[in-house]
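Here is the structure we will look at.
Only the coordinates and a few stated rules stand behind these numbers; no lab work does. Remember, it's a predicted structure, so these values are computed and weren't measured experimentally. All Cβ positions, glycine included, derive from the backbone under ideal geometry; neighbour counts span all protein chains shown.
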Amino acid sequence: MFLAQVGHESGGLKFVEENLNYRADRLPVIFPRYFRDVDPNAYARNPEKIANRVYGNRMGNGPESSGDGYRYRGRGLIQLTGHDNYAHFAHDIGMTVEDAVHYLATPEGAAMSAGWFWATHGLNEIADRGDIVLATKRINGGTIGLADRQAHYQEALHIFAWLFALSKVY
């Protein structure tokens, strides 16, 4: 389950920072709540402006004008997002929030933050039940990318079953 979730969140372990480089027509589809009453063309292909709109006044971030949405956008293999998550992570590993911003974009910080989030949000219990929907909601707040997460999960189960069978042969 961990591999499936981080596989989706990081684009197959390729990305440790949220992209947010969306076209105008995709913004109301991906973030309908935040692009109902504004012209998405004013935000299109502007990741900083999009992040500040979507993440402003949430998760411990200041208003859209503060720049916190972009500063605390998704980073790490599990895409840790928001000032509050950054602050809790930073506190638990003994660094400042500002240091965490940079650390999360490193391979070590990306992996550490994913393990930290997994452990502190009780995801092992959910994974043990095989509840990919609840795990996805706990990580993402919704079910965005559920089909991709399920495909990663089935692939991981297949690989581990194959490895287990192989270990019985040798």
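Numerical summary
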read-out: Debye log10 I(q)/I(0) for the range 71-170, one point scatterer per Cα, at q = 0.11, 0.12, 0.15 Å⁻¹; value: -0.41, -0.48, -0.69
read-out: Neighbourhood net charge (9 Å Cβ-Cβ; Lys/Arg +1, Asp/Glu -1) for G7; value: -2
read-out: Geometric extent, Cα atoms of the chain - Rg, Dmax (angstrom); value: 17.4, 62
read-out: Per DSSP, loop trypsin sites (Lys or Arg not before Pro) in the range 64-97 with at most 16 further Cβ within 10 Å; value: none
read-out: Estimated FRET transfer efficiency when R0 is 25 angstrom, pair K14-T120 (beta carbons, to 0.05); value: 0.50
read-out: Calculated from backbone phi, Karplus (6.51, -1.76, 1.60) coupling profile of the range 9-23 in Hz, x at Gly/Pro; value: 4, 9, x, x, 6, 9, 10, 10, 9, 4, 7, 6, 9, 9, 6
read-out: The chain: angle of helix 146-169 to the longest principal axis, Cα-based, in degrees nearest 10; value: 20
read-out: Amide hydrogen neighbours beyond the local backbone of L80, cut-off 5 Å, H modeled; value: R75
read-out: Cross-link partners of K14 among lysines (Cα-Cα below 26 Å; sequence separation of 8 or more within a chain); value: K49, K137
read-out: Residue list for the range 1-32, given a label point 7 angstrom along the Cα-to-Cβ vector of Q150 and an amide N cut-off under 16 Å; value: 1, 4-5, 8
read-out: R0 of 45 Å, Cβ-Cβ distance S65-L157: FRET efficiency to nearest 0.05; value: 0.45
